[in-house]
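This report concerns only the one structure given below.
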Amino acid sequence: MLHENEINSIKQNIEEEISSCKDMKGLILVKSKFIGKEGILNAYLKKYLKNSELSNENKKSIGFEINQLKDFFNLFYRKKISAFQNKQIPTDQIDYSIPVSSAIGNLHPLSLSKEYIHKIMQEMGFIYEDGPSIEKEYYNFDALNISKNHPARNEKDTFFINDDVLRTHTTAVQIRALESQKYVDEFRIYSIGDVYRRDDDSTHLPMFHQIEGFIIDNSASISTLKGFLLDFLKKFFEKDDVEIRLRPGYFPFTEPSVEVDVKFENGKWLEILGAGMIRKNILSKYGYKKGFAFGIGLERITMIKFGITNIHDLTDNHYPWLKQYGNSTEN
Ligand code: PHE
């Protein structure tokens, strides 16, 4: 147990220091001095817990006393805050003529797109699944047939964090969802999230976003995949005359695989997604038969939808630029 004198002197210090605070800033400093992680009370606690001569019983009661001191601190702390709040500003000191801005923020184009995609996917019967940004190599690579010596698995393309990676695609979520065995028969899953690659130039960001989706369905085929993608893109771009073209592609986890381009208003084609029939060895491992998957670049389709030409505008955080995509008002 702590000595009574010790407890009283800590209490006295707390009272004195709190009452001499003149403003919130000072009060917050006093708070971290006493009950912060590195504060006086935790230092006490550590000191006693480390002392091997003390019995466990004794350590327990010291812990209890220190918690009581923290409560004591909080009581005075809260009283002081109320005292600050009740201090009235004399009305003759309020200047009602100072102009205030009524500007309110608006959502970033990527957030607008994301919200819109959630709505579309849910209307199309998809269920949302999430996965971690720091991913096991197993989910990001191995379980997707990306072998140990695949070029994507080197330090030049992928960010490694100890034994894990910053996920290079949201396809990792596919494996997590299949493995969970939460879904049976026919179902549709999607995810939206951040992905990372060692790329940084005029058309690439090292962190970008993908929309991943897959449909497990016994009648799934490349033509139902194409039909689905066209439906999705028409809804997303809010127009009927969306044109896409499928080119043969290669992904270790889909066969056949396709890369999909969408036609820009100026007649140029831009690649926006990869897709394909999920490979049999992946599906059968979890007891499923047939399905297709797709991964869409969120930045790409957002740029097309909002007519943004420079990908770096998306990360510059430049308020006048951002403002044009919302309906915020400013005096
Ligand atoms: N994961 C692939 C990529 O990042 C895209 C993809 C997803 C391809 C699903 C096929 C199926 O490029």
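Brief remarks on what is shown
- Taking only protein heavy atoms and a 1.4 Å probe, the accessible area of the chain is 51% carbon and sulfur.
- Label positions at GLU238 and PHE160, each projected 7 Å from the Cα along the C-beta direction, are separated by 4.6 nm.
- Dipole size of the chain about its Cα centre, with +1 on Lys/Arg Cβ and -1 on Asp/Glu Cβ: approximately 560 debye, rounded to the nearest 20.
- Net charge in the neighbourhood of GLU265 (other residues with Cβ under 13 Å of its Cβ; Lys, Arg +1, Asp, Glu -1) is +2.
- Surface exposure of the range 1-105, expressed per residue as accessible area with a 1.4 Å probe, stands at 75 Å².
- Full-extension gain in nm, SER102 to GLU123, via 0.36 nm per residue minus C-alpha separation: 4.0 nm
- Net charge dipole size for the range 4-91 [Lys, Arg +1 and Asp, Glu -1 on Cβ; Debye, nearest 20]: 440 debye
- Antiparallel %, DSSP beta bridges [both residues in the chain], to 5: 95 percent
- Local electrostatic count, GLY26, Cβ distance below 12 Å [Lys/Arg +1, Asp/Glu -1]: +3
- Cross-link reach is defined here as a Cα-Cα straight distance under 28 Å, omitting same-chain residues fewer than 8 places apart; for LYS33 the lysines meeting it are LYS11, LYS22, LYS25, LYS46, LYS47, LYS50, LYS59, LYS60, LYS70, LYS79, LYS80, LYS87.
- Neighbourhood charge, 12 Å Cβ-Cβ cut-off, centred on ASP164 and excluding it, Lys, Arg +1 and Asp, Glu -1: -1
- Charge dipole (the chain, unit charges on Cβ, about Cα centre) - positive-most of VAL100, SER19, MET277: SER19
- For the range 277-327, trypsin sites (Lys or Arg not before Pro) meeting the loop criterion (DSSP other than H, G, I, E, B) and having at most 15 other Cβ atoms within 10 Å: LYS289.
- Bridging of LYS136 to lysines at a Cα separation below 26 Å is possible for LYS114, LYS148, LYS156, LYS182, LYS280, LYS285, LYS289, LYS290, once same-chain residues fewer than 8 apart are set aside.
- The residues of the range 163-238 expose on average 42 square angstrom of accessible surface per residue, using a 1.4 Å probe on protein heavy atoms.
The values are calculated or read from the model by the stated rules, or taken from the named source; none is laboratory data. Given the structure is predicted, the values throughout are model-derived calculations rather than measurements. Virtual Cβ from ideal backbone geometry, glycine too; neighbours counted across all protein chains shown. These area figures cover heavy atoms from the full protein model, side chains too; ligands, DNA and RNA do not enter into them. Shrake-Rupley method; radii C 1.70, N 1.55, O 1.52, S 1.80 Å.
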